[in-house]
Amino acid sequence: MQVLLPPGWPRPRGYANGVTTRGQQVFVAGMIGWDAQGVFHTDDMAGQTRQALENVVAVLKEAGAKPEHIVRMTWYITSKQEYLDAGKAIGAAFKELIGSFNAAMTAVEVSALIEDRAKVEIEVTAVIPD
């Protein structure tokens, strides 16, 4: 994967402006903070984010992909403030489960998600190199 950083642009923190890669594409639907049985164990933003990331990793594994193959992530959050307040715990979960790399990322605050208790939904594109 090659990170795209136009000349003179400041380096983004925690994501890339863009990436380019070759290989088998894996598309992961939006993962929310419930377990494999569809049960929420917390209404905490950080806890739900950790579970959503665990779900992403489980789906990637089914394709033979790993977190380092992620090239794009879109995060839908129901509260910008709650997300920012939980930033340290979310960052720790991200580093533990996904690692430290440069995926192109977008985060969007939305008024609600389809599952009423869901506070975060994470959609991923990964590319397994040739």
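The values are calculated or read from the model by the stated rules, or taken from the named source; none is laboratory data. Because the structure is a prediction, the values reported are computed rather than measured. With ideal geometry, Cβ positions are generated from the backbone for all residues, glycine too; neighbour counts draw on all protein chains shown. Quick note on the areas: whole protein, heavy atoms, side chains included, nothing else; ligands and nucleic acids left out. Shrake-Rupley method; radii C 1.70, N 1.55, O 1.52, S 1.80 Å.
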Practice prompt. Could you please give the count of residues in region 7-16 that are open to solvent by less than 90 Å² (accessible area, probe 1.4 Å) and either more than 21 Å from Ser100 (Cα to Cα) or in a strand (DSSP E or B) (or both)?
Written response: 2
Discussion item. So, restricting to helices (runs of 4 or more DSSP H) that lie completely within region 43-98, which ones have at least 3 residues that are open to solvent by less than 20 Å² (accessible area, probe 1.4 Å) and touching a strand residue (DSSP E or B) at 6+ places or on another chain (Cβ under 6 Å)?
Written reply: 45-62
Worksheet item: For region 1-56, what are the residues that are of a type in the set (D, E, K, R) and farther than 19 Å from Thr74 by Cβ?
Response: Arg11, Arg22, Asp35, Asp43, Asp44
Practice prompt. Return yes or no: is Gln37 part of a helix (DSSP H, G or I) and more than 22 Å from Gln2 (Cβ to Cβ)?
Written response: no
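Name the residue that is farthest from Lys66 (Cα to Cα), counting only residues in region 111-130 that are of a type in the set (A, V, I, L, M), touching a strand residue (DSSP E or B) at 6+ places or on another chain (Cβ under 8 Å) and assigned to a loop (DSSP other than H, G, I, E, B). First the steps, then the outcome.
Filtering region 111-130 for residues of a type in the set (A, V, I, L, M) gives 112-114, 118, 120, 122, 124, 126-128.
Okay, now just the ones that are also touching a strand residue (DSSP E or B) at 6+ places or on another chain (Cβ under 8 Å), so 113, 118, 120, 122, 124, 126-128.
The next check asks that each one be assigned to a loop (DSSP other than H, G, I, E, B); those that pass are 113, 118.
On the way: Leu113: 27, Ala118: 25 Å.
Going through the qualifying residues, I end up with Leu113.
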Worksheet item: For region 99-114, which residues satisfy the criterion of being within 15 Å of Gln48 (Cβ to Cβ) and either of a type in the set (Ser, Thr, Tyr) or surrounded by 14 or more Cβ atoms within 10 Å (Cβ to Cβ) (or both)?
Response: Ala107, Leu113
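Checking the conditions here, which among Val26, Val19, Val39 is open to solvent by less than 70 Å² (accessible area, probe 1.4 Å), at pLDDT 95 or above and closer than 17 Å to Val71 by Cβ? Lay out the reasoning, then the answer.
Details: Val19 fails: at pLDDT 95 or above; Val39 fails: closer than 17 Å to Val71 by Cβ.
Exactly one residue qualifies, and that residue is Val26.
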